[in-house]
Amino acid sequence: MAEIKAEPFAFPVRHDQLALIVIDMQRDFAEPGGFGASLGNDVSRIGRIVPDVKRLIQGFRNAGLPVIHTMECHRADLSDLPPSKRDRGNPMLRIGDDGPMGRILIAGEPGTAILPELAPIDGEEVIEKPGKGAFYATGLGDVLQRKGIRQLVFAGVTTEVCVQTTMREANDRGYECLLAEEATESYFPEFKAAAIAMIRAQGAIVGWTAHVDDILESIAHA
Ligand code: TIU
């Protein structure tokens, strides 16, 4: 059995069942004037992982393995936005409001787009999701089943919100989950560290974590 060097122990990889999921690498989370900034966050940390996310994507493409992208966004009429999400807290701009990059977190608006360096290419699935988890109210489960995927490598933002929520959803559905440490980021470094620690605690209770180099080394031999 092939293995990827990981914590808390080696990840038993089956390359024919493996896909990369890139969570929400959108301008809305990485650029000033977007959703992340509207919540009061310093978004500058997010852009720094782009090179590591990019080489992970490229490694999967080179190996002929699936790359799936997700986008957190809502319909223009807000019919998939519960008031409990829109009205939470005291943001500068709420979801659906007009911001400098178009309407905040609305499908098709400039700010909602995936960062151009990480843009999907033809043939890659893009899952639009109204929640933090990528399985809730989406076709992700069907896509994975159709492709015969049982193991998921995770990258993207933010570690403790959409990435961790999706990993927990996937874990409960029977997928083996591996988080690429340098290819995920939070607005709060202590939350990233805590999420990594709690994912791999108790014998990988949610999943494994690994370095991008070790994942790339493994799939180069896929
Ligand atoms: N606010 C925050 O940390 N994250 C989100 O709202 N969405 C994602 O994590 N994608």
### Message
Could you check the spin-label model distance between Ala201 and Arg48? Points 7 Å from the Cα along Cα→Cβ, value in nm.
### Response
2.5
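Report the FRET efficiency, 1/(1 + (r/R0)^6), for Glu124 and His15, where r is their Cβ-Cβ distance and R0 is 22 Å, rounded to 0.05.
Efficiency at R0 = 22 Å is approximately 0.80.
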### Centre separation in Å (Cα based) which lies between region 3-45 and region 128-179
11
### Task
Figure the gain on full extension for Ala137 and Phe191 (residue separation times 0.36 nm, minus the Cα-Cα span) and round it to one decimal in nm.
16.8 nm
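Would you mind ranking Val157, Val212 by Cβ crowding within 10 Å, fewest neighbours first? Display every interim value, and only then the final one.
Numbers: Val157 28, Val212 20.
Ranked by crowding around the Cβ, least crowded first: Val212, Val157.
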### Task
Go ahead and estimate [θ] at 222 nm for the chain from helices alone: -39,500 (n - 2.57) per DSSP H run with n ≥ 4, summed, over the residue count, rounded to 500.
-8500 deg cm²/dmol
### Query
Taking the alpha-carbon set of region 74-162, what are its Rg and Dmax in Å?
14.7, 43
### Query
How much FRET efficiency would the formula 1/(1 + (r/R0)^6) give for Asp172 and Glu217, where r is the Cβ-Cβ distance and R0 is 30 Å, rounded to 0.05?
0.55
### Query
Among Leu78, Ile149, Met101, which residue has its Cα positioned farthest towards the positive end of the charge dipole of region 72-174, with +1 placed on the Cβ of Lys and Arg, -1 on the Cβ of Asp and Glu, and the dipole taken about the Cα centre?
Ile149
### Task
Determine the dipole magnitude for region 106-222: charges of +1 sit on the beta-carbon of Lys and Arg, -1 on that of Asp and Glu, nothing else is charged, the reference point is the Cα centre, and the result goes in debye to the nearest 20.
500
### Message
Lysine pairs in the chain with Cα distance under 30 Å, only those 8 or more apart or on different chains: how many are there?
### Response
15
### Cα-derived Rg over Rh, computed across region 1-134 with Rh taken as Kirkwood radius
1.03
### Task
Could you check what % of the DSSP bridge pairs in region 1-103 are antiparallel, to the nearest 5?
45
### Query
Where is the GNM fluctuation largest for the chain (alpha-carbon springs, 10 angstrom cutoff): Ser186, Ser79, Ser44?
Ser79
### Query
Of all the C-alpha pairs in region 54-205, what % are more than 23 Å from each other?
41
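Readers should treat all values here as calculations from the given coordinates under stated rules, not as data from a laboratory. This structure is a prediction, so every number in the text was calculated from the model and none was measured. A quick note on method: Cβ atoms are made from the backbone with ideal geometry, for glycine too, and the neighbour counts reach across all protein chains shown.
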